[in-house]
Structure formats: structure tokens, C-alpha cells
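Please read the structure below before turning to the comments.
Values quoted throughout were computed directly from the atomic coordinates according to the rules given, and no laboratory measurement underlies them. This one's a predicted model, so the numbers in the text were calculated from it and none came from an experiment. Here the Cβ is made from the backbone with ideal geometry for all residues, glycine too, and neighbour counts use every protein chain on show.
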Amino acid sequence: MRILLFLGIVLFVSCQGNTVFDKNKRLDNRQWHWKEQLNLVQEIKDTNAFYSLWINARINTDYPYNNLYVNATCKYPDGTTLKMSPELLLFDKNGMPLGQRKGSVIENRIRINKKLVFDQSGLYEFTLTQNMRNNTLPGILDIGLALIREGEDL
């Protein structure tokens, strides 16, 4: 029993060690207005690693679409900006959720960029907005970003 507990703790700590940040924003009234942004500032010191950027989206069954278009930006310490506009697939072609379903809530974590390189040590600004045709999207409970350090493969 002690061995299993020890292995569980080691696995938990090792998985958490590569997470630079994992932050979510609860959206008012379970909807995402196009002017509402998620803004994060993160210091990154390790310029010798690859990183992956993930989007967390908690939705409920009131969400009317099978996808979600977003704008994600990363402003580097020198002012240059990386812009990404991915389409997040939330349901398959048969209407089944692609994320993990818990009752009427569906949790999604979707990687939008892998092998990102942060070649400058300093503060990075991350911004996330929705980019759908509707100004307000119903059925979105939380939206978030996660940055995971993948390794030293440069």
C-alpha cells in the first residue's frame, strides 16, 4: 500500500512539474461575449525548451455549435506578437462531445500549438478571445489557457 501511495505522489509531482501555468476564467451568465478576454502574464526563463499551448473550454449542453473559433495571442518581451486563430472541435460529426462529459458539462483541453519556443527570457502576455459570428456565445462556463514545458530538444 505504501508503495502505491509513493508511486502516486511521484507521478503527480512529475506531471505537475512541466506545467508553467494552467488558468481558467469563469464566464458570467454562462456565456462568452466577444469583448471579454482572458489575459495572463507569465515570466518564462527557460529558453532552451519546447512548450505546448492548450485551450481549456468548459461548456454545457446549451452550447449551440460543434466548434469554437478563438484568437490567441502571445506578446514576447521585445513586443513582437505571435497570433493564432485555431478552430476548436468540441463535438464529432454525430454530435457526440469530444471532451470529457460530466452530466451536462463537457470539459475540453485542446492543444493549439506544440513545439513553441520562447527565445527571450522575461514576461510574456497571453490573450484569448472568441472569434465566432455571434457576439455572445451561450453555454460556455469557463475558458482558459495552459502552457506545458515539453522538454529540452532545441
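Taking Cβ atoms as reference points and 10 Å as the exclusive limit, the residues near residue 138 contribute a net charge of 0, counting Lys and Arg as +1 and Asp and Glu as -1. The aspartates and glutamates within cross-link reach of residue 45, meaning a Cα-to-Cα straight distance under 18 Å and a gap of 8 or more places when in the same chain, are 22, 78, 119, 125, 150, 152, 153. Considering only 130, 100, 31, the mean-square fluctuation computed in a Gaussian network model of the chain, springs between alpha carbons under 10 angstrom, is largest for 100.
Provide the net charge surrounding residue 126, with neighbours chosen by a C-beta distance below 11 Å and charges set as Lys +1, Arg +1, Asp -1, Glu -1.
+1
Could you give the length gained on full extension between residue 76 and residue 105, defined as 0.36 nm per residue of separation minus the Cα-Cα distance, in nm?
This chain segment gains 7.0 nm when fully extended.
The eigenvalues of the Cα gyration tensor, multiplied by 5 and square-rooted, give region 28-77 an equivalent ellipsoid with semi-axes of 29, 14, 10 Å from largest to smallest. If you run the Gaussian network model on the chain, springs between alpha carbon atoms under 10 Å, then out of 142, 62, 78 the most flexible one is 78.
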